[in-house]
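Written below as structure tokens is the structure these notes are about.
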Amino acid sequence: MLEKVLMKGNEAIGEAAIAAGCRYYFGYPITPQSELIEYMAKRLPEVGGMFLQAESEVAAINMVYGAAGAGARVMTSSSSPGVSLKQEGISYIAAGELPCVIVNIMRGGPGLGGIQPGQADYFQATKGGGHGDYHCIVIAPNSVQEMADLTALAFNLADRYRNPVMILGDGALGQMMEPVNFDSCKAMLTDKPWATTGMGTRDKPNSINTLQLQPEKLEEVNVHLQAKYALLQTQETRSEAIWTDDAELLVVAYGISSRIALSAVKRARDQGMKVGLFRPITLWPFPKSELADAVKMASAVLVVELSSGQMIEDVNLAIRCSKQVYFQGRTGGMMMKSSDIYDQILQIIAPQGGN
Amino acid sequence: MKHEVIIAGFGGQGVMVMGQLLAYAGMAEGKHVSWMPSYGPEMRGGTANCAVIISDEPVGDPLVSEPTAAIMMNSPSLDKFWRGIKTGGDLILNGSLIEKEVGRNDIHRYRVPINQIAVGLGSEKMINMVALGALLAAVNIVSPERLLSCFAKKFAAKPAILASNTAAFQQGYDCVAKRTL
């Protein structure tokens, strides 16, 4: 087994991408993900890859579009305002069914916002973000090790489904250091007979085009995309359930919030309270049925996010509004303390101060 | 056992490296560790801090609001963090830059002339190793030998600085261990 090393989350994404066969990176620096672009600038030339700092986020995502079209394993990364700039390109990539990995290390918004951690890009990431009926696969790690493991998974899923995959992290995960190894970061390369790599021995040229002026043709494209998304929803949901079997209160959180929530849930368990934690790992496809299972014994749900409440809508949909759903959020780049969550758990379970 | 450490000071005092060395050493001892920096539009002379957790259990929340141990390298840092330190916790104060008293009788306070010691050994750059020595004498978070071996590994490209930094670490350690405060 390879030795564990202490790395920042941003750096771990970079190393995992290389281990997973990524050889092309296009990006533009922005806090709090600049360590990733720096890492790729250093590492890609060492492995015979291509690093290019583009003139803008818009340029970078369109370079990704081109490289993905040529069949390369390619990645870009940014943080919230920069990812907004990429949305047009992401829509094109989704329409062209091109595999790539897009990293969003979220910061507080809206607008230029701040540079401290946030989770307020959930809607943008999971509901499309750009124009048209499309989805990225959205993966939310909650540790530096998962930043690595799920980055490798992202490349493999992107190729398997010919779909853009977004890693949705936040400034805290990007900046923090934890032990990590890259044992499980393997490149599962697939053939890409659709790639625009020149005629070669083919008798018909490959082309990538997202313009369909004939409505019937465009509807066919949409029907095809929706079939893929339906497949993804049955095959690729991922989640983690901790102490949910007998949980009367189910806390739901992803990414860094799930770490803070877990500390509060542990403390509540130590006090004999039946509290569990459900953590979506794929935010799209959202693990609806897994959540519906986890919530069965519960009489209430507490959603914790670094936003004013975005994932809470998917939670309500997944459980069909069958339980009382409470919310705790922080915005602006502030993070709640685990004691804040614990206090709310207490309030929900024993509102009169103990039973 | 779970150690939650805050290290804070001016940018340029090496607080981030201090925290990283502690985390490296914890990792080398088979513990679960996390290192979380403050980050922002920072500059030399601005304040900087990091939170390090070294634990027998996997680390949940990587934030630290009630540290079990703290190193405060300057006054603004002390102002920010002194109230939060857990009862029974350990506080290393840089006596070279902090004059005020800390009104907490429920924690162990160690006033160490960190800058003077480092300057006395030849370079102010070594203040972080003096501070780490003091911390590890106050509380057994990782073994001093492990920390020094991690230092040697991290700075393998600069073997010349090992001996002087070991001396700095030792003097900080002795300062607390022998209570020559």
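For chain B, the Kirkwood estimate of hydrodynamic radius, built from reciprocal distances between every pair of different alpha carbons, is 16.0 Å.
Close amide H partners of B:Ser38, meaning residues 5 or more places away or on another chain with modelled amide H under 5 Å apart, are B:Asn49, B:Cys50, B:Ala51. Remark: segment A:316-322, residue by residue, has Karplus-estimated 3J(HN,Hα) of 4, 5, 5, 9, 6, 6, 7 Hz, where x stands for each Gly or Pro and the curve is 6.51 cos²θ - 1.76 cosθ + 1.60 at θ = phi - 60°. Give me the angle, in degrees from 0 to 90, between the Cα long axis of helix A:9-19 and the longest principal axis of the Cα atoms of chain A, rounded to the nearest 10. Taking the Cα atoms of chain A, the angle to A:9-19 is about 40 degrees.
Note on A:Thr31, A:Thr234, A:Thr197: ascending count of other Cβ atoms within 10 Å places them as A:Thr234, A:Thr197, A:Thr31, the fewest first. Taking a Cβ cut-off of under 13 Å around B:Ala168, the surrounding Lys, Arg, Asp and Glu residues balance to a net charge of -1, with basic ones at +1 and acidic ones at -1. Would you mind computing, in nm to one decimal, how far apart the modelled labels at B:Ser123 and A:Gln347 are, each placed 7 Å from Cα along Cα→Cβ? Using points 7 Å along Cα→Cβ, the separation is 5.3 nm. Put a dot 7 Å past the Cα of A:Lys127, heading toward its Cβ, do the same for B:Leu162, and the two dots end up 5.8 nm apart. Alpha-carbon geometry of segment A:241-349: the Rg and the Dmax are 12.4, 35 Å, given in that order. Note on B:Arg179 and B:Ala152: the model spin-label points, each 7 Å out from Cα along the C-beta direction, lie 3.3 nm apart. Across segment A:48-55, rounded Karplus estimates of 3J(HN,Hα) from the backbone phi angles (6.51 cos²θ - 1.76 cosθ + 1.60, θ = phi - 60°) give x, x, 10, 10, 9, 7, 6, 7 Hz, Gly and Pro being marked x. Among residues other than A:Ile90 whose Cβ falls under 15 Å from its Cβ, what is the net charge (Lys/Arg +1, Asp/Glu -1)? Charge balance in the 15 Å sphere: -2. Shown in residue order for segment A:143-160 are the 3J(HN,Hα) couplings computed by the Karplus curve 6.51 cos²θ - 1.76 cosθ + 1.60 at θ = phi - 60°: 8, 5, 4, 5, 4, 6, 4, 6, 5, 4, 4, 4, 5, 5, 5, 4, 5, 4 Hz (x for Gly and Pro). Gyration tensor over the Cα atoms of segment A:4-73: the corresponding equivalent ellipsoid has semi-axes (square roots of 5 times the eigenvalues, largest first) of 20, 15, 9 Å.
Among the trypsin sites (Lys or Arg not before Pro) found in segment A:53-131, those both in a DSSP coil and sparsely packed, with 15 or fewer other Cβ atoms within 10 Å of their Cβ, are A:Lys127.
Between the Cα long axis of helix A:338-349 and the first principal axis of chain A there is an angle of about 60°, rounded to the nearest 10.
Sort all Cα-Cα distances of the protein assembly as shown into consecutive 20 angstrom bins from zero, then give the percent of pairs in each bin up to the one containing the longest distance. Histogramming the protein assembly as shown at 20 Å steps yields 21, 50, 25, 4, 0 percent. As a proxy for reagent exposure, B:Arg104, A:Arg330, A:Arg267, A:Arg279 were ordered by neighbouring Cβ count within 10 angstrom, fewest first; the result is B:Arg104, A:Arg267, A:Arg330, A:Arg279. Enclosing the Cα atoms of segment A:171-330 in their convex hull gives a volume equal to 200 cubic angstrom per residue. Placing a label point 7 Å from the Cα of A:Thr197 along the Cα-to-Cβ direction, the residues of segment A:81-115 with a backbone N closer than 19 Å are A:97-101. Using the Cβ of A:Lys266 as centre and a radius below 12 Å, the other residues enclosed give a net charge of +1, where K and R count +1 and D and E count -1.
Where a number appears in this text, it was derived from the coordinates with a stated rule and is not lab data. Predicted model only: the values in this text are computed from it and were never measured. Heads up, the Cβs are rebuilt from the backbone with ideal geometry, glycines too, and the neighbour counts pull from every protein chain shown.
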